[in-house]
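Heads up, the thing below is written out as structure tokens.
The values are calculated or read from the model by the stated rules, or taken from the named source; none is laboratory data. Keep in mind the model is a prediction, meaning the values are calculated, not measured. Virtual Cβ from ideal backbone geometry, glycine too; neighbours counted across all protein chains shown. Note: areas computed on protein heavy atoms with side chains; ligands, DNA, RNA excluded. Shrake-Rupley method; radii C 1.70, N 1.55, O 1.52, S 1.80 Å.
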Amino acid sequence: MSELRVRSLVLLLALPFALPACASEPSGDADSGTQTGTGGEGEGTGTGTGGDGDSGDGDGDPGDGDGDGEDPSQICDELGLPVAELLDGTGADWGDVAGDFTVETTFGTWNLAENFSGCDSYVFVNHLGDGTSDSLRNSFNAELFERAPQNVHWFFVNNDADPEAGAIAWQTKIGQALAALDQDAIDFWSLRVHFVTEAPASLGGSLGQFYAQNPGAMVAAIDRFQEWEYPNSTSDTGGGSFAQTAAVLAYTPRYYNFRHAQERELAAQADVTEVAILDQVEFPPDGPGGQDGPFANNFNNQVWTASFPDAATMAGFDTMDVVVTGECGPSPGDDCGHWDYEAFVHWCDTEACDGAVHEVFRWITPYARAGVRKWVFDATPMLGLVAGGGDHYFRFGMRWNMNPSTWDMRFRLRNTGQAGASKTLIPAFTGNKGFNDTYNDDWPSVEFTPPEGATKVELVALISGHGQDTGNCAEWCNHQHQFTVNGGASYTREFPADVVNQRCGEAADIGVVPGQWGNWTPGRAGWCPGQPVQPWIVDITDEVTLGQVNTIDYVGMFGGAPVTGNRGRILLSSYVVFYE
């Protein structure tokens, strides 16, 4: 019987010991010893959430590259993920590079270097012996493995008086969780769950150093950059109230896959010119934290200057992104904003921001999520605001309160061979209005005249619903936003699939920051906590007449009819954009 099938049986039968055949986990073949593959190209999503593995023909020799005699990096090839080299460790703080380590488990010795694939992340769950960690351990079920990506290893650690008995308790619980899966999934995950038989204080290597420095860490991880990362909260509201929910941890390695791909994409972009709004500027708390969290309101709605190249240089760019990085911590409660605030950056036509003001990008902050958060915004339609080059002024604010963080914001300008670039923005419909009987009273038709030489005309809108009034609107309900061009063609932005359970949790694959200390996993109308509100862009070139006056009209609707009642509020910025 193969080691894989023995491990599966041990887990499913909850046997209180490891069989002799499970004394070790070879990472190479029986003759050549360790293999640490370094190949691989490209990066796929790495988010196969079904947990069905690549288990071969079921004959007990799956050949899936998961440490059962194959090159560990084979899993990377199968998932289309790049393979990284094992780095030397730099320390045990969050953000430091994690080095090699060895642990004894119920299935024998496991060593990072010998099993290093170059594309895995590693999540550690420590039973601390308190009520919270009891609840977390009791919450483990098959859903964790159904949601998790395939390129993750799970390590279960304990601070019990008898760490070997604690490891068996973990093994029993995880075996019960795996038993609900099909056999292929059981076989796959059996090689990726590890039950550590040593107390954290007795561990050596990088992992021992980490626990010596962070003895109270209930959850920890090594991400795709091989850095120590704090997964933060393990609670969710799936049952209607906050409770320890192990399955929410599956979103953490999925987010690591997203972040790794995001960094590779940014690094691969050629001939990028960066223009900083904020260059690692610290917004320290200006008062003590409380139930609503610490604030940095001395910095809220401040105006910052960004210096762009001259107009001739700007004419060579057709694409503009904005990269925003915020870092807070180490304490989520003491150092990070607690709530899902609406964050925005406005372009101002004066340094005092007392004239024309246009929203450039928007996001919703995560609930008290310590660590580094990084977002990329598509601001290409807004390029016309800064096409003249020189100094431009931007107001950075948050509705209600500014989060304390170290902020970095920079435009990234490049040429991607588009047929023209944004040259002119015409403000259309803008407001932060109650979604009620009078919502549609003050939206007059907007006239615009695109130049005869325009290569494209776009409708661009940032729309998000907020508030919890009738029908839990407009945050938790679908609503429609209809734009009509020249009295003819209509284009509607709505959110029929947004307001569903776990929609924002599942969106960790596209950048929602997991592990938030609040009700972050359910979907909202047009947004998620910890994610950009990306622009809705519609090409309306075929509906307009170049060189002549055109019109656009707007109406907000609920249930397909103009909104009535009291249904929260809508935050809206929209533009007609001319490309030349």
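Descriptive notes on the structure:
- Share of pairwise Cα-Cα distances greater than 24 Å in the stretch 419-579 is 40 percent (whole percent).
- Each 5 Å bin from zero holds the following percent of Cα-Cα pairs in the stretch 184-226: 5, 17, 20, 24, 16, 11, 6, 1.
- Surface accessible to a 1.4 Å probe, I168 within the full protein complex, Å²: 40
- Accessible-area ranking of M320, M218, largest first, probe 1.4 Å: M218, M320
- Other residues whose C-beta falls under 13 angstrom from the C-beta of G208 contribute a net charge of -3, scoring Lys and Arg +1 and Asp and Glu -1.
- Portion, in percent, of the accessible area of the chain that falls on carbon or sulfur, probe 1.4 Å: 47
- Net length gained if the chain between Q482 and N138 were fully extended (0.36 nm per residue, minus Cα distance): 119.1 nm
- Efficiency of FRET between E274 and A489 - r from beta-carbon atoms, R0 41 angstrom, step 0.05: 0.60
- Residue-averaged [θ]222 nm for the chain, counting only DSSP H segments that reach four residues, each worth -39500 (n - 2.57): -4500 deg cm²/dmol
- Normalised per residue, the volume of the convex hull around the Cα set of the stretch 269-418 (Å³): 101
- For G565, net neighbour charge (Lys/Arg +1, Asp/Glu -1) across residues whose Cβ lies under 10 Å away: -1
- Virtual paramagnetic centre 7 Å along Cα→Cβ of A315, amide N under 18 Å, in the stretch 431-454: 451-454
- Rounded to 5, percent antiparallel among DSSP beta bridges of the chain: 90
- Using θ = phi - 60° in the Karplus curve 6.51 cos²θ - 1.76 cosθ + 1.60, the 3J(HN,Hα) couplings for the stretch 394-404 round to 10, 9, 10, x, 9, 5, 5, 8, 8, 6, x Hz; x is entered for Gly and Pro.
- Semi-axes of the equivalent ellipsoid for the stretch 256-342, Cα gyration tensor, largest first, Å: 32, 19, 9
- Alpha carbon convex hull of the stretch 152-305, volume per residue in cubic angstrom: 212
- Residues of the stretch 419-579: accessible area per residue with a 1.4 Å probe, Å²: 36
- Candidate values (1) 54; (2) 42; (3) 62, label of the one derived for percent of Cα pairs over 36 Å apart: (2)
- Rel. contact order, % - alpha carbon contacts under 8 angstrom, at least six apart, the chain: 14
- Accessible area per residue, Å², the stretch 73-256 with all protein chains present, probe 1.4 Å: 31
- Quotient of Cα Rg and 2.2 N^0.38 Å for the stretch 73-256, N being how many residues it contains: 0.97
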